[in-house]
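One structure is given here, and the rest of the page talks about it.
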Amino acid sequence: MKFRPVRNFIGGEFVESSVEHAELRSPLDGSLLTSVPLSTAAEVDAAVMAAAKAFPDWSGRTIKERAQVAYRYRELLLQNIDELALLIHKEHGKTPDEGRAEIVRAIEVTEFACSLPQLIAGEVLEVSRGIECRVDHIPVGVVASIVPFNFPMMVPHWTIPIAMTLGNTFLFKPSEKVPLSARRTAELLAEAGLPAGVFNVVHGTRSAVEAICDHPEIKAVTFVGSTEVAKSVYVRSATRLKRVLALGGAKNHLIVLPDAAVEQTASNVVASMAGCAGQRCMAAASMLAVGQVEPIIEQVCAVARGLVPGETLGPVISAEAKTRIEGFIAEAEQAGAVVLVDGRNTVVPGREGGFYIGATVIDKVRPDMKIAQEEVFGPVLSIIRTKDVEEAIAIENASPYGNAAAVYTQNGGLARSIVERTSAGMVGVNVGVPVPVEPFGFGGWNDSRFGVGDITGKSSIGFWTQSRKTTTRWH
Ligand code: NAD
């Protein structure tokens, strides 16, 4: 198959990169998809210079004017949603419906950005007789966002529309595993009227990321990805005196009580575990089965068996990811867990080269097993049996992560007390993917988030701006 290498987008132009390129294979069938430049510090510098050049004009416009770009961009996302969903399907492998769902989330954040003029307006007070104090929210300058592979459109849009509407100019480092949708993002932003240089894209991996952390002209960095890299980006950027927010990995526990509604709970747990092939930081990893919940477990297995790889269940991102996930399953089995539904050795006819794993349910997992402790990031549910709620909460609390948790029950008082004792930033009651939709902010606790505040919602305003307090006396 003939393919074109991906290009960086700097100062309003797509530019060929002469540096080394990495080949990228389609998760759907293993065919060669494209190649991605492993950009160097020099290319990061060129993008930063373009963003710095665009900053005075962009930040000098009124926020209402900047928000007009967000309005037009939202319309373009809507108009192009089918094409974008197919692009995400092609590069990431998730189903077109899952692709659409993440664009809907990108649109919701863009709508939040459209409301920013209203949100940041109006802090002025006569603090003493004849003396007035007012607060203005001033953009910080050139900012950067580094993202993971699992949501090619949604995660970038946690930051792009908000940071830019607030007046910053932007350097975007997509995941090298899903580089294609960044091109359409750049094109649609330009079509929406964004001036050249306000949004720049530099592809690559570690060296590009390190150059971003080190660049003195970049004032703020957000990172979303695995915990190990989140920690290193946090430390490296903070050492260079930048503001930084780094979201890391996850290991989410769903506490299922015997009184939970059987069918709804089972479908919801499986949707959480297997949606986007389990490659979500909000995915169910472990189901803490409290007491006698056999009917729910049987139904979970039935729903999991009903998912069809290649149709209702996409592949995982790479051959390496497939091997790693299957390794977790084998290791758990050897350690005494019981594989109730086995997604290993899945082959989709006509797509033999694709990286498919069927939905997998493993019972009798113990908290000390590797599969119970580490992030699997695949369509695999571990069931850990607990004798009571106390034991379940203790297991959830012992995890170093703290992105999401959920409880399934019909007892409101008990649900509330469990929610209050979980150690996670986003908690669901009978909701397995408890993503807080705008205006609520997205962010976990513990090893799932380094830095202060959420990446979306109102707290993002504080991250992307600095406040100027002006005290005025008129004679
Ligand atoms: P990753 O950490 O491998 O990569 C994330 C980004 O960091 C990519 O842009 C990549 O190019 C770059 N990178 C990779 N290795 C690096 C290194 N050694 N030094 C510097 N940069 C490096 O993550 P991934 O595999 O793309 O994504 C999956 C992870 O992201 C999972 O752990 C998942 O839980 C996490 N995630 C978290 C959230 C959240 O909100 N907390 C959301 C989505 C995904």
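The values are calculated or read from the model by the stated rules, or taken from the named source; none is laboratory data. Please read these numbers as outputs of a predicted model, since none were measured by experiment. So basically every Cβ, Gly included, is an ideal-geometry build from the backbone, and we count neighbours across all protein chains shown.
If you take just the helices (runs of 4 or more DSSP H) that sit entirely in the range 241-346, which of them hold at least 3 residues that are within 16 Å of the ligand (Cβ to nearest atom) and touching a residue at least 40 places away in the same chain (Cβ under 8 Å)?
Because the criterion is at least 3 residues that are within 16 Å of the ligand (Cβ to nearest atom) and touching a residue at least 40 places away in the same chain (Cβ under 8 Å), the helices (runs of 4 or more DSSP H) in the range 241-346 that meet it are 262-274, 319-334.
How about the range 347-360: which of its residues are within 25 Å of the chain's Cα centre (by Cα) and in a loop (DSSP other than H, G, I, E, B)? Write out each step before concluding.
Step one: of the range 347-360, the residues within 25 Å of the chain's Cα centre (by Cα) are 354-360.
354, 355, 356, 357, 358, 359, listed by residue number.
Within the range 6-30, the set of residues being closer than 19 Å to residue 318 by Cα and surrounded by 12 or more Cβ atoms within 10 Å (Cβ to Cβ) comprises 6, 21, 22, 24, 25, 26, 27, 28, 29, 30. Inspection of the range 419-436 identifies no residue that is buried (at least 19 other Cβ atoms within 10 Å of the Cβ), within 11 Å of the ligand (Cβ to nearest atom) and in a helix (DSSP H, G or I).
Filter the range 183-231 for residues that are among the aliphatic types (A, V, I, L, M) and near the ligand (Cβ under 8 Å from one of its atoms) and give the result. Spell out how you get there, then give the answer.
First pass over the range 183-231, keeping only residues among the aliphatic types (A, V, I, L, M): 186, 188-190, 192, 194, 196, 198, 201-202, 208-209, 211-212, 218, 220-221, 224, 229-230.
Scanning the range 183-231 gives 208, 209, 224, 229, 230.
In contact with a Cys (Cβ under 7 Å, 6 or more places away or on another chain) and assigned by TED's automatic domain parsing to the domain that holds residue 126: which single residue out of 458, 469 fits that description? Show your work before the answer.
Values: 458 fails: in contact with a Cys (Cβ under 7 Å, 6 or more places away or on another chain).
Selected residue: 469, the only one of 458, 469 that is in contact with a Cys (Cβ under 7 Å, 6 or more places away or on another chain) and assigned by TED's automatic domain parsing to the domain that holds residue 126.
Residue 192 falls short on exactly one of the conditions (1) under 13 Å from residue 48 (Cβ atoms); (2) in contact with a Lys or Arg (Cβ under 7 Å, 6 or more places away or on another chain), and that condition is (1).
Please tell me if residue 407 is away from the ligand (no atom under 16 Å from the Cβ) and either outside the structural domain of residue 267 (by TED's automatic domain parsing) or among the β-branched types (Val, Ile, Thr) (or both). I'd like the intermediate steps shown before the answer.
On the way: away from the ligand (no atom under 16 Å from the Cβ): yes; either outside the structural domain of residue 267 (by TED's automatic domain parsing) or among the β-branched types (Val, Ile, Thr) (or both): yes.
Considered against the rule, which asks whether it is away from the ligand (no atom under 16 Å from the Cβ) and either outside the structural domain of residue 267 (by TED's automatic domain parsing) or among the β-branched types (Val, Ile, Thr) (or both), residue 407 comes out as yes.
The residue list 429, 407, 361 contains one member that is within 30 Å of residue 119 (Cβ to Cβ) and β-branched (Val, Ile, Thr), which is 429. Just wondering, is there one or more residues in the range 44-61 that are of a type outside the set (A, V, I, L, M, F, W, C) and under 23 Å from the mean Cα position of the chain (by Cα)? Scanning the range 44-61 turns up no residue that is of a type outside the set (A, V, I, L, M, F, W, C) and under 23 Å from the mean Cα position of the chain (by Cα). Taken over the range 88-126, residues that are among the charged types (D, E, K, R), surrounded by fewer than 21 Cβ atoms within 10 Å (Cβ to Cβ) and not in a helix (DSSP H, G or I) amount to 2.
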